[in-house]
Amino acid sequence: MSNALPSEGMDMVSRQLLRQLKDILGSDGLLSDPADLVGYAGDAAGGLPEVLPDVVVLPTQTEQISRILTLASAHRVPVYPRGAGTNLSGGVVPLEGGIVLCTVRMDRIRRLDPVDMYAVVEPGVVIEDLNRRAGEHGLLYPPDPGSVATATMGGSVAEGSGGLRGLKYGVTRDYVLGLEVVLADGRVVRVGGRTIKNVTGYDLVRLFVGSEGTLGVITEITVRLIPAPEASATFLATFDDLGRAGRAVADIVGAGVLPATLEIMDDYTLACVEEHAALGLPTDAAALLLIEVDGPRETVEIEAATVEEVCARAGARSVQRARDRAERDRLWAARRAALPALARRRPVTILEDITVPRSKVAEMLTFIREIAARYGLEIGTFGHAGDGNLHPTILVDEIDDRVEAAVRALVGRALALGGTLSGEHGIGMAKAPFLVEELGREGVALTSTIKRALDPLNILNPGKFPGRWRG
Amino acid sequence: MRYAGPGATAQAERCMRCGNCQAVCPVYREERLESGVARGRLAAIRRLQAGELEPDDALYKRVFKCTLCMACEAHCPSGVRTQTAFLGAREALADRTPLFKGLVCRVLQGGPGDTARALKAARLVQRAAFATLGRDHLRPRLPLGLFFRRIIPQVAPRPLTAGPEVYRPAGRPRARVAFFTGCMLNYVYARTGRAVVQVLVGLGFEVVVPRGQHCCGTPLLAAGKTGAARELARYNVTLFSEVRADLVVTACASCGGALRHGFSDLTGAEEARALAEIACDFAMLIADGRLSTGFRGAVTYHHPCHLIRGQGVSEEPVALLEGLGGAQYVASADADSCCGGGGTFSLEYYGLARRIGARKVSAALKAGARALVTECPACVMHLTDCVHLAGAPLEVLHLADLLTLEGESAGCLT
């Protein structure tokens, strides 16, 4: 190792441990040069500290992971599980150094059963690759976080990620039927199964979904697949008033239509997107809704008519329907560009993930505007309005007291409205300080009890929730 | 601003860490390492700039383990100009260049005379150590180890620029076209270079092959030797400005990119901008011609990175193949992904380059193609090797070769 770095890692990994890890993985499956380690110091979350691990391991089999965890337990060295590193909570940052355990090389689809409609995958399978294979059988794995083309199944299950289809199809946890997990001490357990119904014992599958690498390392995932919808219709509705857009969201669902996608974008985001991508969006509008209904062809036409009617009644300035695939892509381009367009405005992007009941979306949107004005902050909001999951995005040069006060206020209001502080990004480092506000002392204590039972030495993703990290 | 330069650092700072580049990076697809994809490489550049990483051999290996295919740049939602960042970092690491690559750079820097002499010597070595394979390629007489089983093209007996300087069509020429051959079509695939001339003359163009033209400098730029690349750019700009042609044509994607952007970026000269205005890709120039081939069977197309992303040429070559008399065009998956050649990339990371190329070969076979056509001699060289190693029933042809085939096959596999 020739590079000299300031000792950011904690030098948790001794020479002896390094040698033992090399025995398990071979030299190809282990990285310890600083030129490699710098790529594993953070994830896709902005404004959080980065820390270099001491070593990165890239196992290809469950058995290797079991041996790695046995070793890590014996040496009391932290292990930070990681997929593609596209998460938005700082969840994979190796805060205390040690080992980053990256599962991207376990990327086989072990089984896809079109009759029983399930797939068994390794954690490194990219979500979109699973869907490509499922599509060959006319099937679909619906959870689709923004990073489907890169995020891994292991990462998205561990984060319990959501996505654009949450309202109609649910989120990751609604599709996981069974898991193979390596526990902190190296034991391998299988939980759940492959049937839709299964109430044998505690629901340990759901315990691990969204556990953010704090309870075990997921090494195999069995997911439910559904028949892919036959047709879809996509709309872009423009509003002159944010509150009206929010009401349209509730009205569409109130009219008995569950759109596959029901996305909102405020005027600030709209202006940024237009400046960034020049898509010809109406920059004088107050909000846009991107709406997609899908299903059997006849049903889609009926629902499409309802959507157009409801939007018009709610006071939409215009409702535009995509006539073909190219137009659909153009309407979607605006939504896809939202975060990148916002992120390039200022050096630091703080992406929030509050979620409120659908009926409170309009109220929450108005409150976000108030907060932006009160603290003199630039905040662009976009998100999955249909399921109440909003991403107010704070853009600053550096994090200061105003930012913290604003985040606190947003989280407080979301909770007061019956919502949650994170809909789909997870707690990780970014939301850890607010955990107690939602769970309460007793809830945090119960969480800690579970953590201690499964990871008594606290070697799995230490420093995150439910640990001590306080920013 | 110590190492990678302000341009590179500014780009590295713009990265929002989303990791979307993973989806399109040919190197990441094989290795799944952060150090081998734009996000991780940009992180390394920021650390280099902050003085937290040394510009050592370990960093060299990671910064250069990239084909410069520009897929990440085309795909980046934040618009990070990754090429700028990577080339800046390469410049910072240029003094770590391994011996053989340094030698190649030295030869190219030396001017056309040196290059011609060096390649003459190389041809003698080739004749001693290699046996011919097909028309233009060679295989080692003593195949030891993977790298030494590699198929390489034969240095041409006479460079294209040693032939006539002006080729006139029958009748009044449509336009006077200067042919920027580039090293590969001049010294190595000179037969393909002549095919380019033949097609153009056949379509009524007067073709000038200016003597004294030299390397476009792309290999030097990619090696981090920006200063040397700038000198070559100035040299070529002056030489071609004096030709007084209506158009300058290239049939090598990298040379084309240099003419269209590289020369003016490097020199900032007015003449370079004027040259960029009249620079034209071979397929673009002949797109409306009546063309045919003696090849019989299905052909597919590989988009060279420096043509589709470097110059934005994507539809014309495909339209040309679709309308071609003789062969029929079939589309293959991921036709726009890198073949893994990447100039000296395939010398430094041969195993990786082969794995990347093998995907192109299987995609072409899956599409049912009998010939894989492309428009860059560097891609031809690498893909020919990959096809041979796979033992695949596939010909790799430069577009100009396809258009001048008269029933016979050019391939190395016959």
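Compute the acute angle (0 to 90°) between the alpha-carbon long axis of helix B:226-241 and the principal axis of greatest extent of the alpha-carbon atoms of chain B; round to the nearest 10°.
Around 30 degrees separate the two axes.
Ranked highest first by average number of other Cβ atoms within 10 Å, how do B:193-200, B:36-43 line up?
Values: B:193-200: 23.5, B:36-43: 26.6.
Taking the mean over residues of other Cβ atoms within 10 Å, the ranking is B:36-43, B:193-200.
Starting at the first residue of region B:292-303, write each ³J(HN,Hα) from the Karplus equation 6.51 cos²θ - 1.76 cosθ + 1.60 with θ = phi - 60°, in whole Hz, x for Gly and Pro.
Each residue's phi maps through the Karplus curve to give 8, 9, x, 5, 10, x, 7, 10, 10, 10, 10, 6 Hz.
Under 15 Å Cα-Cα from A:Lys464, which aspartates and glutamates qualify once same-chain neighbours fewer than 8 residues away are excluded?
Qualifying aspartates and glutamates at Cα under 15 Å: A:Asp43, A:Glu50, A:Glu96, A:Glu159, A:Glu212, A:Asp455.
What's the exposure ranking of B:Phe130, B:Phe100, A:Phe208, A:Phe235, going from fewest to most Cβ atoms within 10 Å?
B:Phe100, B:Phe130, A:Phe235, A:Phe208
Based on the Cβ-Cβ distance from B:Ser292 to B:Glu165, what FRET efficiency comes out when R0 is 41 Å, to the nearest 0.05?
Efficiency at R0 = 41 Å is approximately 0.90.
Using the Cα gyration tensor of region A:229-341, with a ≥ b ≥ c the square roots of its eigenvalues, what is the shape: rounded (a/c below 1.5), prolate (a/b larger than b/c) or oblate (neither)? Could you put the intermediate results ahead of the total?
Numbers: a/c = 2.16, a/b = 1.33, b/c = 1.62.
Here region A:229-341 falls in the oblate category.
³J(HN,Hα) across region A:417-433 via Karplus (A = 6.51, B = -1.76, C = 1.60, θ = phi - 60°), whole Hz, x for Gly/Pro?
7, x, x, 9, 7, 9, x, 8, 8, x, 8, x, 8, 4, 10, 3, x
How far is helix B:82-92 tilted, in degrees, relative to the longest principal axis of the Cα atoms in chain B, given as a value from 0 to 90 rounded to the nearest 10?
With rounding to tens, the tilt is 70 degrees.
Who wins for biggest fluctuation among B:Leu103, B:Leu119, B:Leu221 in a Gaussian network model of chain B, springs between alpha carbons below 10 Å?
Looking only at B:Leu103, B:Leu119, B:Leu221, the largest GNM fluctuation is found for B:Leu103.
Taking the highest mean first, how do the peptides A:421-434, A:155-168 order by number of other beta carbon atoms within 10 angstrom per residue? Walk me through the numbers on the way to the answer.
Values: A:421-434: 24.7, A:155-168: 26.5.
Taking the mean over residues of other Cβ atoms within 10 Å, the ranking is A:155-168, A:421-434.
Rounded to the nearest 20 debye, what is the charge dipole size of the protein assembly as shown about its Cα centre when +1 sits on each Lys and Arg Cβ and -1 on each Asp and Glu Cβ? Working shown, then result.
Values: 99 positive and 98 negative charges, 553 e Å.
That gives the protein assembly as shown a dipole magnitude of about 2660 debye.
Compute the helix-to-body angle for B:350-366: its Cα long axis versus the longest principal axis of chain B, expressed 0 to 90° and rounded to tens.
50
Would the protein assembly as shown count as rounded, prolate or oblate if I go by the C-alpha gyration tensor, calling it rounded below 1.5 in a/c and otherwise prolate when a/b exceeds b/c, oblate otherwise?
prolate
Count charges around B:Arg17 for me, please; just the other residues with Cβ under 9 Å from its Cβ, Lys/Arg as +1, Asp/Glu as -1.
0
Identify the residues of region A:202-225 with backbone N under 17 Å of a label point that sits 7 angstrom from the Cα of A:Arg187 along the Cα-to-Cβ direction, or state none.
Correct set: A:202-205, A:207-208, A:215-219.
Suppose a student asked you for the relative contact order of chain A, using Cα pairs under 8 Å spaced at least 6 residues apart; what percent would you report?
That works out to 15 percent.
If we count other beta carbons within 10 Å of each Cβ, what is the order of A:Val436, B:Val243, A:Val181, fewest first? Display every interim value, and only then the final one.
Numbers: A:Val436 14, B:Val243 18, A:Val181 24.
With the fewest neighbours first, A:Val436, B:Val243, A:Val181 line up as A:Val436, B:Val243, A:Val181.
Give the long-range amide H neighbours of A:Asn389: residues separated by 5 or more places, or on another chain, with amide H under 5 Å away, using H modelled in the peptide plane at 1.01 Å from N.
Answer set, sorted by chain and number: A:Val356, A:His384.
Count the net charge of all other residues whose Cβ sits under 12 Å from the Cβ of A:Asn131, scoring Lys and Arg as +1 and Asp and Glu as -1.
Here the charged neighbours net out to -1.
For a quick check: with amide H placed at 1.01 Å from N, whose amide H comes under 5 Å from B:Tyr301's, ignoring anything fewer than 5 positions away on the same chain?
B:Ser332, B:Val373
If contacts are Cα pairs under 8 angstrom and at least 6 residues apart, what is the relative contact order of chain B in percent? Walk me through the numbers before you get to the answer.
Values: 776 pairs, mean separation 62.2, N = 414.
Normalised by residue count, the contact order of chain B is 15 percent.
What spacing in nm lies between the two simple spin-label points modelled at B:Asp57 and A:Ile226, each 7 Å away from Cα in the Cβ direction?
The modelled label-to-label distance comes out at 5.6 nm.
Which loop trypsin sites (Lys or Arg not before Pro) in region B:300-387, with loop taken from DSSP, have no more than 14 other Cβ atoms within 10 angstrom of their Cβ?
For trypsin sites (Lys or Arg not before Pro) across region B:300-387 that sit outside H, G, I, E and B with at most 14 neighbouring Cβ atoms in 10 Å, the list is empty.
Which of the residue pairs A:Lys168/A:Lys360; A:Lys22/B:Lys101; B:Lys65/B:Lys360; A:Lys360/A:Lys451; B:Lys61/B:Lys225 have a Cα-Cα distance greater than 22 Å in the structure shown? Walk me through the numbers on the way to the answer.
On the way: A:Lys168/A:Lys360 18 Å; A:Lys22/B:Lys101 32 Å; B:Lys65/B:Lys360 19 Å; A:Lys360/A:Lys451 34 Å; B:Lys61/B:Lys225 16 Å.
From the list (A:Lys168/A:Lys360; A:Lys22/B:Lys101; B:Lys65/B:Lys360; A:Lys360/A:Lys451; B:Lys61/B:Lys225), the Cα-Cα distance tops 22 Å for A:Lys22/B:Lys101; A:Lys360/A:Lys451.
Express in nm, to one decimal, how much length is gained between A:Glu442 and A:Asp241 on full extension, taking 0.36 nm for each residue of separation and deducting their alpha carbon distance. Before the final figure, lay out the partial values.
Working: separation 201, 0.36 × 201 = 72.36 nm, distance 4.15 nm.
Between A:Glu442 and A:Asp241, full extension yields 68.2 nm more.
Between B:Ala10 and B:Leu389, what's the calculated FRET efficiency when r is the beta-carbon distance and R0 is 56 Å? Round to 0.05.
0.85
When only C-alpha pairs under 8 Å and at least 6 residues apart count, what is the relative contact order of region A:15-102, in percent?
36
Counting Lys and Arg as +1 and Asp and Glu as -1, each charge on the Cβ, what is the dipole of region B:298-404 about the Cα centre in debye, to the nearest 20?
Result for region B:298-404 is approximately 380 debye, rounded to the nearest 20.
With r defined as the distance between the Cβ atoms of B:Phe100 and B:Thr238 and R0 fixed at 45 Å, what FRET efficiency is calculated, to the nearest 0.05? Mind dumping the intermediate values first?
Details: r = 30 Å, r/R0 = 0.68.
Here the calculated transfer efficiency is 0.90.
I'd like the Karplus ³J(HN,Hα) series for region A:370-377: coefficients 6.51, -1.76, 1.60, θ = phi - 60°, whole numbers in Hz, and an x wherever there's a Gly or Pro.
4, 5, 4, 5, 4, 9, x, 10
Return the distance in nm (one decimal) between the two label points of a simple spin-label model at A:Asn458 and A:Arg313, each offset 7 Å from Cα along Cα→Cβ.
My value for the distance between the label points is 5.6 nm.
If a/c stays under 1.5 just call it rounded; otherwise compare a/b with b/c (prolate if a/b is bigger, oblate if not). Do that for region A:15-102, with a ≥ b ≥ c from the square roots of the Cα gyration tensor eigenvalues. Write down the numbers at each step before the final one.
Numbers: a/c = 1.79, a/b = 1.73, b/c = 1.03.
Verdict is prolate for region A:15-102.
Check which residues have an amide H placed less than 5 Å from A:Glu230's amide H, if you skip close sequence neighbours.
A:Gly295
Most exposed first by the Cβ proxy, i.e. fewest other Cβ within 10 Å, how do A:Leu71, A:Leu339 rank?
Listing A:Leu71, A:Leu339 from fewest to most nearby Cβ atoms yields A:Leu71, A:Leu339.
Under a crude label model (7 Å from the Cα following the beta-carbon direction), how far is A:Arg346 from B:Arg172 in nanometres?
Going by the 7 Å Cα→Cβ label model, 6.6 nm.
Just so you know, all these numbers are worked out from the coordinates, no wet-lab data involved. Here the structure is a predicted model, which is why all the values come from computation and not from measurement. In this analysis, Cβ positions are derived from the backbone assuming ideal geometry, glycine residues included, and neighbour counts consider all displayed protein chains.
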